[in-house]
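Presented below is the structure to which this report refers.
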Amino acid sequence: MGLGVLAKAALVAVLGLAAHADPLRIATYSPDLTRDGPGLLLRDLGRKDAQIDAVVQVLAQARPDILLLTEFDWDHEGRALAAFAARLAQVGLDYPHRFAARPNSGMATGLDLDGDGRLGSAEDAQGFGTFTGQGGMAILSRHPIGPVKDYTDFLWRDLPGHLMPPLPPEAAAVRRLSSTAHWDAVVTVAGRPLHLLAMSATPPVFDGPEDLNGRRNHDELAFWLHHLPDGPFVLAGNLNLDPLDSEGRPQALAAIMAHVTDPLPRSDGGAAAAGGVNDRHQGDPALDTGDWPDDKPPGNLRVDYVLPAQGLAVLGSAVVWPADGPLAQAALAASAHRLVWVDLDWPPAP
């Protein structure tokens, strides 16, 4: 080693300067790894499955360091998540740190929450689901995870200024805010903690004039306005809300945007997917992350987000949705949702 290199290394050590690190890539993806019954996802992960292969291909291209999965079935022993991690390891994606907890989706209440006179339906669970854990969430990371604050049991009625519609007293007393989950997971990278605020909101449709789902979708995001951490954070997940073209209520999203940087991740595939109802949309189609039929509403929407706190340096971002080619076919076969990633300059400058 030359004297100049040694002198530079000594100066770095003396001044406490950090050498330039690789970008930290954080991604959210809703890969539709949910099935019609308990144990079926684990079964499919243990055999040849074209849809799972397509999901793996998408992730192999994106190669995130921290990944939030939504619409991923949860089981008590974490077998499906372990099996999926093993599939990713086969393509060189090693995630030694993982977290998943029981979601509200499919969690039975024993009450007739939807008032249809029948008990035990998917609508009577804390979050829509036919079995415990259906459509849950999971975090996979190259870096240690923990501690995790799990707000999944937070009651809707306890949110300040909530929009919960009038409900029977017995339902209001138990109704949780999260349709899936709310987690504040600390991920330690290069010795510095980063809070991953993870969520997956209910779609603001499939209800009646009471707008229960629209109100809940709004309040699931508004929750973070009262629980933002003191340290650096990234809010990620399927918010199920387009700021311009959704049927939902955009006020909470607009309020969150005052605390974060929106990197505006784009794709060529989204920009090219015009036609039909999409031609009536106000938003930039290159920002869309959901690819739904073009012949009826809602069409394509921006619903998946990775939003770093203000002050964090964003180096790049994208939606994995090529206009053509093998990866475009894989993204189409995997899910109606597209993976979104954001690169951060980490650790942040002191």
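The values are calculated or read from the model by the stated rules, or taken from the named source; none is laboratory data. Note that the structure is a prediction, hence the values are computed from the model and not measured. All Cβ positions, glycine included, derive from the backbone under ideal geometry; neighbour counts span all protein chains shown. These area figures cover heavy atoms from the full protein model, side chains too; ligands, DNA and RNA do not enter into them. Shrake-Rupley method; radii C 1.70, N 1.55, O 1.52, S 1.80 Å.
Some notes on this structure:
- Taken over the stretch 236-246, the criterion of being out of contact with any Phe, Trp or Tyr (no Cβ under 6 Å at 6 or more places or on another chain) and closer than 14 Å to MET257 by Cβ is satisfied by LEU241, ASP242, PRO243, LEU244.
- Unmet criterion (only one of (1) on the phi > 0 side of the Ramachandran plot; (2) outside any loop (DSSP other than H, G, I, E, B); (3) more than 19 Å from the chain's Cα centre (by Cα); (4) not aliphatic (A, V, I, L, M)) for GLY117: (2)
- Scanning the stretch 84-105 for residues that are open to solvent by 10 Å² or more (accessible area, probe 1.4 Å) and more than 19 Å from ILE145 (Cα to Cα) turns up ARG87, GLN90, VAL91, GLY92.
- Residue that is at pLDDT below 95, open to solvent by 50 Å² or more (accessible area, probe 1.4 Å), among the aliphatic types (A, V, I, L, M) and closer than 23 Å to GLU220 by Cα, where the choices are ALA125, ALA108: ALA108
- Number of the exception - PRO347 against (1) in contact with a Leu (Cβ under 9 Å, 6 or more places away or on another chain); (2) closer than 22 Å to ALA258 by Cα; (3) surrounded by fewer than 17 Cβ atoms within 10 Å (Cβ to Cβ): (2)
- Applying the set (1) within 23 Å of the chain's Cα centre (by Cα); (2) farther than 23 Å from ALA62 by Cα; (3) of a type outside the set (Gly, Ala, Ser); (4) part of a loop (DSSP other than H, G, I, E, B) to HIS143 leaves exactly one unmet item: (2).
- Some residue of the stretch 140-155 being under 17 Å from ALA252 (Cα atoms) and crowded, with 16+ Cβ neighbours inside 10 Å: no
- Of the strands (runs of 3 or more DSSP E) lying entirely inside the stretch 242-350, those carrying at least 2 residues that are touching a Pro at 6+ places or on another chain (Cβ under 6 Å) are 314-319, 340-344.
- Filter result for GLU77 (open to solvent by 20 Å² or more (accessible area, probe 1.4 Å) and either of a type in the set (A, V, I, L, M, F, W, C) or free of Cβ contacts under 8 Å to residues at least 40 places away in the same chain (or both)): yes
- Selection of the stretch 160-203 for residues being aliphatic (A, V, I, L, M), part of a loop (DSSP other than H, G, I, E, B) and under 25 Å from LEU68 (Cβ atoms) yields LEU177, ALA181, ALA190, ALA201.
- So VAL55, is it open to solvent by less than 10 Å² (accessible area, probe 1.4 Å) and within 21 Å of ALA331 (Cα to Cα): yes
- Scanning the stretch 272-292 for residues that are surrounded by fewer than 18 Cβ atoms within 10 Å (Cβ to Cβ) and either more than 22 Å from the chain's Cα centre (by Cα) or of a type in the set (Asp, Glu) (or both) yields ALA272, ALA274, GLY275, GLY276, VAL277, ASP279, ARG280, GLN282, ASP284.
- Conditions (1) surrounded by 15 or more Cβ atoms within 10 Å (Cβ to Cβ); (2) modelled with pLDDT under 95; number of the one not met by GLU170: (1)
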